[in-house]
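The values are calculated or read from the model by the stated rules, or taken from the named source; none is laboratory data. All figures in this text were calculated on a predicted structure; none of them were measured in a lab. Here the Cβ is made from the backbone with ideal geometry for all residues, glycine too, and neighbour counts use every protein chain on show. Note: accessible area is taken over every heavy atom of the protein model, side chains too, but ligands, DNA and RNA are not part of it. Shrake-Rupley method; radii C 1.70, N 1.55, O 1.52, S 1.80 Å.
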Amino acid sequence: MDLEFGRGMRSPQRDSWKTTLLLAYQSLGVVYGDLSISPLYVFKSTFAEDIQHSETNEEIFGVLSFVFWTLTLIPLIKYVSIVLRADDNGEGGTFALYSLICRHANVSLLPNRQIADEELSTYKLECSSERTDKSCIKVWLEKHKKLHTALLIMVLIGTCMVIGDGVLTPAISDLMTGCSLSPQSFISQCSRQFQVLNSPCPKTTVNHYGTHRVGFLFAPIVLAWLICMSALGLYNIIHWNPHVYQALNPCYMFKFLKKTRKYGWMSLGGILLCMTGSEAMFADLGHFSYSAIQLAFTSLVYPALILAYMGQAAYLSKHHDFYSNSQVGFYIAVPDKVRWPVLVLAILASVVGSQAIISGTFSIINQSQSLSCFPRVKVVHTSDKIHGQIYIPEINWLLMILCIAVTVGFRDTKHMGNASGLAVITVMLVTTCLTSLVIMLCWRRPPVLALCFLLFFGSVEALYFSASLIKFLEGAWLPILLALFLMAVMLVWHYTTIKKYEFDLHNKVTLEWLLALGDKLGMVRVPGIGLVYTDLTSGVPANFSRFVTNLPAFHQVLVFVCVKSVPVPYVFPAERYLIGRVGPPGHRSYRCIVRYGYRDVHQDVDSFETELVESLATFIKLDASYRCSDASGGGGDHEPEEERGARLAVIGSSHASYDIQDSVQHSSAASVETTTTRRRSGGGDDDGSPGGGGGRAKQVRFFIDSHVASPEAADSKQVAEELEALAAARDAGTAFILGHSHVQCKPGSSLLKRLAVDVGYNFLRRNCRGPDVALRVPPASLLEVGMVYVL
């Protein structure tokens, strides 16, 4: 495995106890920053309602009981014990659950499924795909297309709420920790926080190797904060009310609701903030191990949070004057002598928590692009050696502007808490629904077990969801508004992208048409390599036919490149390329399918072009050997040309020891893996954004040995000529042929469709990154072919 591939999949072997301890320590700075600062604002947000206080302290004990059992049921039992086990090759999060479901049931809306994709190493199924028994739930899901759409919408809702949380968390955490600051000082502090994210370390999405730096940088802060909260909690419990442990009795929850009625139910919107950041344990699973996250939470984070809340409740139970004046902030329970050091430590901890959610927003937007559900944005891969460190400048500045706007607009921690609570609980509800499907479809457990999981945890979260939703006019409208806007953008982009693919599929031309071009139009082959980007995995795209009919010339070596996404987190570099021929060997036309997972970062143009030429050279030699074996078996001469063109080979792209200047006879040993597969007629393809290519000249040369190929290869001279032609074409330069599309609706389309396509999509297309900019194709090597899509 490459260093760049890094943390793609954790080894299935159990980590040593030293490694587990190290990862558990590092997870403090990456996973638990947001969750650890929740005591700063839970009690203040809860008692913001008009709740009358009594001398029996039933209100305080009731809230503490709710906090204790909420932390026990949701983060401890649901996430640590169950959800963390629903990993996708070691990866977690909403997209991991959706990927698992799509692999075990045909519910994906993207036409990206091919038989060859199921042979990927990361395309792991919990149960053998050869099993013919299908549950009624699986048959029902696969049968109804509307359920596929509903499932994708559910995933997008969770995605939108995570982005909304990326706006709200920095605002509420900094406002709570810096409550003594003036609004102007807070805005300046918030701006500096986002500007700091432009530095190379914090701005990037952490990964296995990046965790060593980010984790070691932030873990001491979170560790000190957790120890500080535990010490303060123990002090307040011992000094003020040692009997506060009685509040852990769940009877106090019912007494609280019975006594406070409507206002108590509404106050649940503040209590749910105690589990803010729990989703990060699952989302960041790929950076650590299950045992490390479990160890850190159960042995340190969970006890520290419980002690902190018990300490606050113990203090408030003996200081009714603060309670009556609604001054129930975190700092009133801090002794005067240590208040300022605690304030400084709290501010540092809040910065850690905000950094984690902002980095998570970068990651989930990048994953949305892999589903063709988000407009193209510039994704900066900030490390040449560390896989997965990304930064999105446009999103970073947009989050900063929205965060400042929310702070200036609300100026109230109560409203911001209501907004943040609704976003958090919505993501948890989505995770519960998807996990119940994973239990049935992937783990093959009885539907009754999945239903029990859904009803138990779903009812608890639905209670909190209703309490948050009732505060729609008191701040909860903000995440709903953000989600509706983002959902509209995502659905418009996704719908139009799928319709464009269907248009290309219906307007593609046949292989016979391509082979007959020379006779009909007097086609001229010019030196160089032409890379024609298309979303199709078979046939000749319409944009190329439009190109050659207007300009009857194309390059000596022609490659139809399809960049597609597959429902796995990562694709090993050795399995990334599928290479095949388009036409006979003398035509010098090939097809290259480049496969990426939803957490993969696309290659830069230089490495892609180099690896593509190397893969083509390897394929030429493999194909010659295959044709020789067919000929020796007596079947090669009778194979139809279409069948030969449909044959694809998996070519390893990570063979660092493979030198293009090596002789042909040594090249077969250089490929990491070469597996020949046949693409079935029912195989689909995806519309993944293309990637690759480079414009400047490189010193890439072929050295053709006089003893080529294997002894069985009777056409070794033809192989040598084809390799020489590829080398000459590479030296002549590479051109990138991309479609420049204009989309419009058919006459008579509905008003909604015209608004979505003619207005919405075309506005996004004009104002977002174009495919050439997103791919960083050199302008001097770019050829754009105008295409009008009538949908």
Picking from Ser372, Ser354, the residue that is on the phi > 0 side of the Ramachandran plot, within 20 Å of the chain's Cα centre (by Cα) and assigned by the TED database to the domain that holds Ser466 would be Ser372
Check your understanding: On the given criteria, is Tyr590 of a type in the set (Ser, Thr, Tyr), farther than 21 Å from Ser372 by Cβ and assigned by the TED database to the domain that holds Val540?
Key -> yes
Does at least one position in region 410-423 carry a residue that is closer than 19 Å to Lys138 by Cβ and touching a residue at least 12 places away in the same chain (Cβ under 8 Å)?
no
Of the residues in region 521-549 that are charged (D, E, K, R) and outside any strand (DSSP E or B), the one that is surrounded by the fewest Cβ atoms within 10 Å (Cβ to Cβ) is Arg546
Result of the Cβ filter at 7 Å on region 134-157, keeping first residues that are touching a residue at least 24 places away in the same chain (Cβ under 8 Å) and partners that are β-branched (Val, Ile, Thr), at least 6 apart or interchain, is Leu141/Val107; Glu142/Val107; His148/Val107; Leu151/Val107; Met154/Val430; Val155/Thr94; Ile157/Thr426; Ile157/Val430
Counted residues in region 620-649 being in contact with a Leu (Cβ under 9 Å, 6 or more places away or on another chain) and at pLDDT 80 or above come to 2
message = For region 111-125, check the following and say yes or no: at least one residue is in contact with a His (Cβ under 7 Å, 6 or more places away or on another chain), in a loop (DSSP other than H, G, I, E, B), at pLDDT 80 or above and not β-branched (Val, Ile, Thr).
response = no
Quick check: anything in region 550-570 charged (D, E, K, R) and buried (at least 24 other Cβ atoms within 10 Å of the Cβ)? yes
Exactly one of Glu502, Glu474, Glu512 is surrounded by fewer than 21 Cβ atoms within 10 Å (Cβ to Cβ) and in contact with a His (Cβ under 9 Å, 6 or more places away or on another chain), and that one is Glu474
Of the candidates Val63, Val107, the one satisfying the condition of being surrounded by 23 or more Cβ atoms within 10 Å (Cβ to Cβ), of a type in the set (A, V, I, L, M) and assigned by the TED database to the domain that holds Ser317 is Val63
Those residues of region 550-578 which are over 27 Å from the mean Cα position of the chain (by Cα), modelled with pLDDT under 90 and assigned to a strand (DSSP E or B) amount to Ala553, Phe554, His555, Gln556
Within region 744-774, residues being in a helix (DSSP H, G or I) and either out of contact with any Cys (no Cβ under 8 Å at 6 or more places or on another chain) or open to solvent by 40 Å² or more (accessible area, probe 1.4 Å) (or both) number 20
Checked region 135-184 for anything small (Gly, Ala, Ser), modelled with pLDDT of 90 or more and surrounded by 15 or more Cβ atoms within 10 Å (Cβ to Cβ); matches are Gly158
(message) Can you find a residue that is farther than 27 Å from His555 by Cα and either modelled with pLDDT of 80 or more or surrounded by 13 or more Cβ atoms within 10 Å (Cβ to Cβ) (or both) anywhere in region 721-743?
(response) yes
The number of residues in region 80-100 that are buried (at least 24 other Cβ atoms within 10 Å of the Cβ) and in a helix (DSSP H, G or I) is 8
Only one of (1) of a type outside the set (Ser, Thr, Tyr); (2) buried (at least 24 other Cβ atoms within 10 Å of the Cβ); (3) modelled with pLDDT of 90 or more does not apply to Leu345, and that is (2)
All conditions in (1) under 27 Å from the mean Cα position of the chain (by Cα); (2) modelled with pLDDT of 90 or more are true of Leu300 except (1)
Expected output for region 115-133 (first residue within 13 Å of Cys102 (Cα to Cα), partner hydroxyl-bearing (Ser, Thr, Tyr) and modelled with pLDDT under 75, Cβ below 8 Å, 6+ apart or cross-chain) is Glu118/Ser129
